[in-house]
Amino acid sequence: MKNLKDYFLVCKNYIIILGLFVIFPIQAQDARFTVVLDAGHGGHDPGAMSANSKEKDINLQIVLDLGAIIEQKFKDVKVIYTRKTDKYLTLQERADVVNDHHADLFICIHTNASLSSAAYGAETFTLGLAKTRANLDVAMRENSVILLEEDYRTKYKGFDPNSVDSYIMFEFMQDKYIDKSVEFSSIIQKQFVSYCQRTDRGVRQAGFWVLHRSACPSVLVEVGFISNPAEERYLTSDQGQKEMATAVFNAFVDYKRTHDKKSGRQMSSVSKIDQPSKREEHNQKQSSHSEEVGDHKPEIDTVAKKNQNVTPLILPVNLAHRPVFKVQLFVTSKNVKAKSKEFKGVDNIDYFVEDGMNKYTVGNETDYARIEKVRKEIVSKFPKAFIIAFQGDKKISAREALKLIK
């Protein structure tokens with residue numbers, strides 16, 4: 001009798017163990033994908049501002065639009081918001097929301113700003129060492145919100161958002177989520193171009209505290225420049241906000257499909273949202289125009305170009321009908337780093353690629369007198385420097401450009 005009881009006890013244990021092997025994979029497969037959406041700034045922190053609008057409001061509306069689409073289309077996705085109202089949260093509190101909910105993906109929405117009203121376009125950041133001054137400036141601005149907190153040095157382990165030295169930590173940081181973050185960032189940028197017809201400023205890296213403290217693939221999207229009047233009008237409009245949200249949603253559809261496939265989940269049947277017919281007409285016109293003038297699009301600064309940390313030439317869309325003047329310094333087949341001795345201390349270097357050669361430039365003016373002043377300031381360092389121009393994405397001579405603005 002004792003042997004019989006032992007037999008049943010062993011069988012019972014085997015059944016329990018077998019059940020665990022069966023149930024756990026099913027639970028893992030049925031677990032909902034969690035995405036955290038973060039509207040940057042809020043409350044007494046307005047973010048970047050113009051005379052007519054505040055960054056915090058643009059960010060929030062795009063996040064709400066994005067979340068609404070995901071919730072409507074995906075039944076297997078849990079959407080968490082760091083804020084749904086005009087509320088202030090610290091960077092650490094935002095990261096805590098991500099980690100407390102064991103998020104699979106973190107999307108931060110921000111709006112850019114520049115001292116130049118000509119700056120234009122959308123870009124997506126992942127965590128890393130800022131390889132250009134422009135990238136560092138964006139990170140410093142977004143991280144500076146911690147200065148609103150009391151005893152921020154203690155809370156953020158001595159991190160000073162205004163000190164370049166504080167950002168050295170990101171050079172030695174190993175982010176195990178970087179590949180997925182870059183993958184998602186790249187998809188977002190493609191959607192901004194194909195769905196919204198925005199200027200692609202590329203995928204970039206910089207030291208964002210909120211990304212650093214979030215334990216999942218994370219991106220910080222700068223949807224455009226509030227400092228550019230034309231782009232501000234677009235980003236504050238209902239149409240513009242919904243289009244940007246839809247572009248990020250389309251990227252999310254592609255990203256989650258890949259995630260499901262790699263995770264052994266049943267892939268979702270949710271499709272991306274097609275462009276309105278008017279956008280298809282616009283694309284046809286743009287394609288026809290490109291065939292007429294030739295395709296001379298400049299390269300974009302992506303994380304993949306690891307040995308290149310000079311910001312590539314990016315032409316504002318709203319200036320596409322007007323010539324933009326630049327001073328060309330030199331031409332080389334090499335990728336020259338921003339702090340290289342070849343630049344002789346000149347800052348804010350751009351480049352473009354033509355006939356397989358990298359052509360490095362400085363300045364970005366629509367006024368010829370201003371670009372001539374730039375040339376004169378550097379002529380002692382670059383005696384052979386000369387002025388060039390772009391009409392849209394097409395390079396033209398300075399003489400041709402001057403004829404167009406007469």
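All of the numbers you see were taken from the coordinates with simple rules; none came from a lab. Quick caveat, the model's predicted, so the values are computed rather than measured. Note: ideal-geometry Cβ built from the backbone for every residue, glycine included; neighbour counts use all protein chains shown.
Residues in segment 88-102 carry Karplus couplings, in order, of 8, 9, 6, 4, 5, 5, 5, 5, 4, 4, 4, 6, 5, 9, 6 Hz; the curve used is 6.51 cos²θ - 1.76 cosθ + 1.60 with θ = phi - 60°, and Gly or Pro positions show x. Segment 332-396 and segment 39-109 have their alpha-carbon centroids 39 Å apart.
If you keep only loop residues by DSSP, which chymotrypsin sites (Phe, Trp or Tyr not before Pro) in segment 98-206 have at most 16 other Cβ atoms within 10 Å of their Cβ? In loop regions of segment 98-206 (DSSP not H, G, I, E or B), the sparsely surrounded chymotrypsin sites (Phe, Trp or Tyr not before Pro) are 172.
When 168, 69 are arranged by Cβ crowding within 10 Å, least crowded first, meaning fewest neighbours, the order is 168, 69. Among 350, 151, the ranking by other beta carbons within 10 Å of each residue's beta carbon, starting with the fewest, stands as 151, 350.
I need the trypsin sites (Lys or Arg not before Pro) found in segment 175-279, filtered to DSSP loop residues with at most 12 other beta carbons within 10 Å of theirs.
Those satisfying the criteria are 176.
Over segment 135-249, Cα pairs under 8 Å with separation of 6+ residues give a relative contact order of 27 percent. Pairs 84/339; 381/403; 334/403; 54/155: which exceed 32 Å Cα-Cα? Cα-Cα > 32 Å for 84/339; 334/403; rest within.
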